[in-house]
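The values are calculated or read from the model by the stated rules, or taken from the named source; none is laboratory data. The structure presented is a predicted model; accordingly, all values stated were derived computationally and were not measured. Here the Cβ positions follow ideal geometry from the backbone for every residue, glycine too, while neighbour counts run over all protein chains shown. Heavy atoms of the whole protein, side chains included, go into the accessibility calculation; ligands, DNA and RNA do not. Shrake-Rupley method; radii C 1.70, N 1.55, O 1.52, S 1.80 Å.
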Amino acid sequence: MKALLSLLFLHAFLQAETPNILLILADDLGYGDVSCYHSESKIPTPHIDQLAREGMRFTDAHSPCTVCTPTRYSILTGQMGFRIPRGGTVFAGAGGPSLIASERLTLPEMLREKNYRTACFGKWHIGLTFRDKQGKAIHSSSPEAIQSIDYTRRIEGGPIDHGFDQFYGTACCPTTDWLYAFIDGDRIPVPPTKQLDRSKLPKHPYSEDCRPGSIAENFPMQEVDMVFLAKSQAFLRSHTKDHPSKPFFLFHSAQAVHLPSFAAPPFQGKSQAGPHGDFILQLDWIVGELMKTLAEIGEADNTIVIFTSDNGPEIASAIHMRADHQHDPAHPWRGIKRDQWEGGHRVPLIVRWPSKIKARQTCDQLISQTDLMATIAAVIGAELPEHAAEDSFNMLPAWLGTADHPVRPYLLTQAFSTQHLAIRRGNWKYLDHPGSGGNNYEKNPDLRKYHRPDSAPAQLYDLATDPGETKNLLVEKPEIAQELKILSEKSKASGRSRGTK
């Protein structure tokens with residue numbers, strides 16, 4: 001016992017000036033799904049709420065895109081996805097290759113250069129390269145492509161090739177996308193050999209997003225997030241023991257709460273808000289377990305914990321939770337996943353850093369998840385090269401509560417298509433397209449009742465007076481729309497947000 005205490009003391013002493021970093025990324029968790037953001041939420045989230053009480057809760061935080069693959073690319077590179085070829089892609093199956101170019105600096109690479117050990121457990125979804133027995137690259141989402149994979153070959157372009165020392169997770173959405181198998185490092189040690197039998201899975205309104213495909217014997221469809229949790233906990237515990245002189249960066253990339261909503265058995269029926277509510281409840285519990293593990297290894301006070309979501313809530317989640325449980329996952333915003341309206345990309349963002357961030361803080365600074373790279377660079381004293389993290393701003397003054405003016409001059413967000421952008425400056429928001437930019441509200445019967453016909457070619461909203469984006473001011477304020485359009489085009493032409501005003 002004395003030896004363990006001595007080890008923990010040495011570990012804490014050596015790392016006193018270099019914080020560990022735990023990034024927890026939820027999937028399709030809406031702004032209104034978390035009770036500290038939505039007082040009338042029907043699902044309790046006590047552990048996420050506790051994070052907010054112990055740190056800073058951002059109320060104007062945004063995912064860079066309204067779907068997952070471009071957002072994940074942007075978080076790990078600090079560059080908007082629309083700036084690169086295929087930057088609006090959402091991969092499935094064996095889709096790829098990686099969106100991250102080999103020469104592109106990533107967040108884990110930057111941290112590794114500063115002596116961090118880096119690990120990612122969970123969903124990758126930024127593209128990979130599998131090969132067949134002849135060595136030919138496979139970049140396809142089809143079930144047939146999976147049958148041709150040579151599982152003895154190394155997988156290219158994954159986390160191990162982009163700065164992570166360890167990875168255990170899935171190529172794409174864990175319980176959605178045809179390839180139901182775990183990648184360990186750069187290989188699949190237990191290949192999928194059977195056809196998924198969906199008849200044995202739960203049946204409810206949130207279970208439809210589960211495509212037929214090949215499944216490995218060790219892949220538990222209802223307990224994938226429990227596997228990811230166990231891997232993250234094992235990494236934390238072994239790190240303290242085996243690498244006491246190094247800080248760590250752990251990217252816990254959750255399956256929850258992407259459809260299908262398959263909560264593990266201990267959580268089924270426990271939320272009183274249906275299967276999707278159970279899934280949110282499980283996600284919250286996992287956050288609590290990660291925090292318990294940090295406390296167990298003596299690193300809770302020396303770790304920056306960042307919690308956020310990759311975009312807004314899915315269609316089925318929003319429709320059925322509203323109708324069946326009087327719970328609005330996007331509350332109070334208009335739009336959902338894929339939409340350029342606020343509900344598609346305004347997300348929870350909580351940062352806990354006890355030694356630097358005072359408890360119970362709320363920040364209304366405009367912030368993007370692309371900003372994580374420049375902000376963390378400032379935390380660890382890393383200098384970003386000119387051609388890296390072009391859309392990332394150093395938000396450390398906002399984190400510390402010392403900013404006396406808006407840090408970000410403007411914000412770009414990307415809809416489902418790379419052709420559809422929105423720009424925010426102050427309270428003004430300009431969408432360079434008609435409609436949502438993602439979901440088709442006129443043709444989708446589930447969304448039709450939310451459709452508001454508008455024949456204008458673009459949209460302009462004042463979020464200060466109209467946070468619900470109900471009144472298009474394009475005609476009334478053409479000069480503001482033109483200014484924002486010019487700024488957006490200038491940013492696109494320059495290839496960067498940072499340094500473009």
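Miscellaneous remarks
- Ratio of Rg to Rh over the range 140-198 (Cα coordinates, Kirkwood Rh, two decimals): 0.95
- Sulfur and carbon atoms: percent of accessible area, the range 295-392 [1.4 Å]: 47
- Links that overshoot a 18 Å alpha carbon limit, given the list Lys123/Lys292; Lys337/Lys492; Lys123/Lys231; Lys114/Lys246; Lys123/Lys246: Lys123/Lys292; Lys337/Lys492; Lys123/Lys246
- Calculated translational diffusion coefficient of the range 80-134 (4 °C, 1.567 mPa s; Stokes-Einstein with Kirkwood radius over alpha-carbon pairs) equals 98 µm²/s.
- Overall dimensions of the range 342-501 by Cα: Rg and Dmax, Å: 17.5, 52
- Using a cutoff of 8 angstrom between alpha carbon atoms and counting only pairs six or more residues apart, the relative contact order for the chain works out to 22 percent.
- Projected onto its three principal axes, the C-alpha set of the range 96-217 covers 49, 37, 22 Å, listed from the longest axis down.
- Accessible area expressed per residue, the chain, with surrounding protein chains retained (probe 1.4 Å, Å²): 38
- Rg and Dmax of the range 269-381, based on Cα coordinates, read 16.6, 49 Å.
- Surface share of carbon and sulfur [accessible, 1.4 angstrom probe, percent] for the range 39-189: 47
- Amide H contacts for Asn444 (H built 1.01 Å from N in the peptide plane; partners 5 or more residues away or on another chain; cut-off under 5 Å): none found.
- For Lys471, the lysines whose Cα falls under 16 Å of its own Cα, not counting residues fewer than eight places away in the same chain, are Lys429.
- Peptide packing: for 248-255, 321-328, 195-202, 424-431, the average count of neighbouring Cβ atoms within 10 Å per residue gives the ranking 248-255, 424-431, 321-328, 195-202, highest mean first.
- C-alpha center-to-center spacing [the range 392-431, the range 343-371] in angstrom: 13
- Here the contact order of the range 50-94, divided by its residue count and restricted to Cα pairs under 8 Å and six or more residues apart, works out to 28 percent.
- The range 247-295 - Debye-derived log10 I(q)/I(0), Cα point model, q = 0.20 Å⁻¹: -0.67
- Aspartates and glutamates with Cα under 13 Å of Lys194, excluding same-chain neighbours fewer than 8 positions away: Glu217
- Normalised convex hull volume, the chain, alpha-carbon set, Å³ per residue: 145
- Inter-centroid distance (Cα atoms) of the range 73-115 relative to the range 182-205, Å: 25
- Three semi-axes of the equivalent ellipsoid, the range 375-451, Cα gyration tensor, whole Å, largest first: 35, 15, 12
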